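Asks: Starting off with a structure, shown below.
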Amino acid sequence: MTTGSTLPRRILARLLKDKREAAGIGADAARRAIGVSKQTFWRMETGQPTRINPLFITHLAQMYGVDNRTTDMLLGLTEESQGKGWWHAYGDTIPKHFDLYVGLEDAAKRFSAYQATLLPGLLQTAEYRRAVIWTEYPAMPTSEVERRIEIHTRRLERLESRTNPLEVNVLLDESVLRRVAGSPEIMAAQLTHLVEIGRLPNISVRVVPLAAGLHKGTSSGSFILLEFPRHPTAQLTEPPVVYIQGITGCLYLEKADEVDQYRDAYAGIQGVALDEAESRRLILEIAEELTR
């Protein structure tokens, strides 16, 4: 894998928990067997960043009664999980709750989102992004803002990657296009960028017009669905994740029934959205209104 530490760490965590539960062994018994704290063991089984000694994995594999092939797979994932993604170079500039998201986004093959208030980061211009940051953190030093803009720019690289492009499907409420960020000039440039980036073969931008009235997105709110590449070994394929950003933290939904509800919501919103050509026309109309 070349996705940094996030994906192999999460796969390892899922497999460790599955094997423990299949063996009928409690978490306390397992953690005591390797001599770690409750917090460390919880981090191991939830895919949180933590240093994992390969000897712990070997001991747990023996305790869980897994075969040699599975043990080797777990040890391989352990080694991969200690790698560093590009975003780790930015240290404390990335909020801790967002560090996980950036890693998942970097590992994903498909990004699908419905946005009711702001444009998703992957489609924002640097000027729009600055306006968003300063609205949320008006006292943030310019140097830190620019550091965050660097991170933002790095995230955009996969949009035009020839070797590993990210498939992006975005549904935008019309109100997002009419909510001015920064200034009318910045917003008009942002909307023009939205049309241009939407012409890439791996990017789809569709608008849900205000005339659509109430729809599935009215109750679901904004959300992002991340889907990951299929692995040749089925059990190593990471399940999709729904990401919901809030003012006090972020929510990651991974249970199949929860993800299915958001898939259904996304399909319902698609049903009332304009097609791509109609969406481009509306976006350009609003951009023109801003420059008059």
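The values are calculated or read from the model by the stated rules, or taken from the named source; none is laboratory data. Small disclaimer: the values here were computed from a predicted structure and weren't measured. Note that each Cβ is placed from the backbone with ideal geometry, even for glycine, and that neighbours are counted across all protein chains shown.
Asks: Does region 230-252 contain at least one residue that is under 25 Å from Thr46 (Cβ atoms), acidic (Asp, Glu) and at pLDDT below 85?
Replies: yes
Asks: When region 171-208 is examined, which residues are found to be more than 20 Å from Thr291 (Cβ to Cβ) and in contact with a Pro (Cβ under 6 Å, 6 or more places away or on another chain)?
Replies: The answer is Asn202, and nothing else.
Asks: What is the one condition in (1) aliphatic (A, V, I, L, M); (2) within 18 Å of Gln245 (Cα to Cα); (3) surrounded by fewer than 17 Cβ atoms within 10 Å (Cβ to Cβ) that Met140 does not satisfy?
Replies: Of the numbered conditions (1) aliphatic (A, V, I, L, M); (2) within 18 Å of Gln245 (Cα to Cα); (3) surrounded by fewer than 17 Cβ atoms within 10 Å (Cβ to Cβ), the odd one out for Met140 is (2).
Asks: Can I ask one more? So, of the residues in region 185-209 that are surrounded by 14 or more Cβ atoms within 10 Å (Cβ to Cβ) and not aliphatic (A, V, I, L, M), which turns out to be farthest from Val132 (Cα to Cα)? Write out each step before concluding.
Replies: Just the residues of region 185-209 that are surrounded by 14 or more Cβ atoms within 10 Å (Cβ to Cβ), to begin with: 186-195, 197-198, 202-209.
Applying the additional criterion that residues be not aliphatic (A, V, I, L, M) yields 190, 192-193, 198, 202, 204, 206, 209.
Values: Gln190: 13, Thr192: 18, His193: 17, Gly198: 21, Asn202: 26, Ser204: 23, Arg206: 22, Pro209: 23 Å.
Filtering first and then ranking leaves Asn202.
Asks: Hey, another quick one. Right, Val272: over 19 Å from Tyr101 (Cβ atoms) and either in contact with a Ser or Thr (Cβ under 7 Å, 6 or more places away or on another chain) or surrounded by 13 or more Cβ atoms within 10 Å (Cβ to Cβ) (or both) or not? Break it down into steps so the answer makes sense when it comes.
Replies: On the way: over 19 Å from Tyr101 (Cβ atoms): yes; either in contact with a Ser or Thr (Cβ under 7 Å, 6 or more places away or on another chain) or surrounded by 13 or more Cβ atoms within 10 Å (Cβ to Cβ) (or both): yes.
Yes, satisfied.
Asks: Check whether at least one residue in region 244-262 is among the hydroxyl-bearing types (Ser, Thr, Tyr), in contact with a strand residue (DSSP E or B) (Cβ under 7 Å, 6 or more places away or on another chain) and farther than 16 Å from Leu171 by Cα, and report yes or no.
Replies: Taking every residue of region 244-262 in turn, at least one turns out to be among the hydroxyl-bearing types (Ser, Thr, Tyr), in contact with a strand residue (DSSP E or B) (Cβ under 7 Å, 6 or more places away or on another chain) and farther than 16 Å from Leu171 by Cα.
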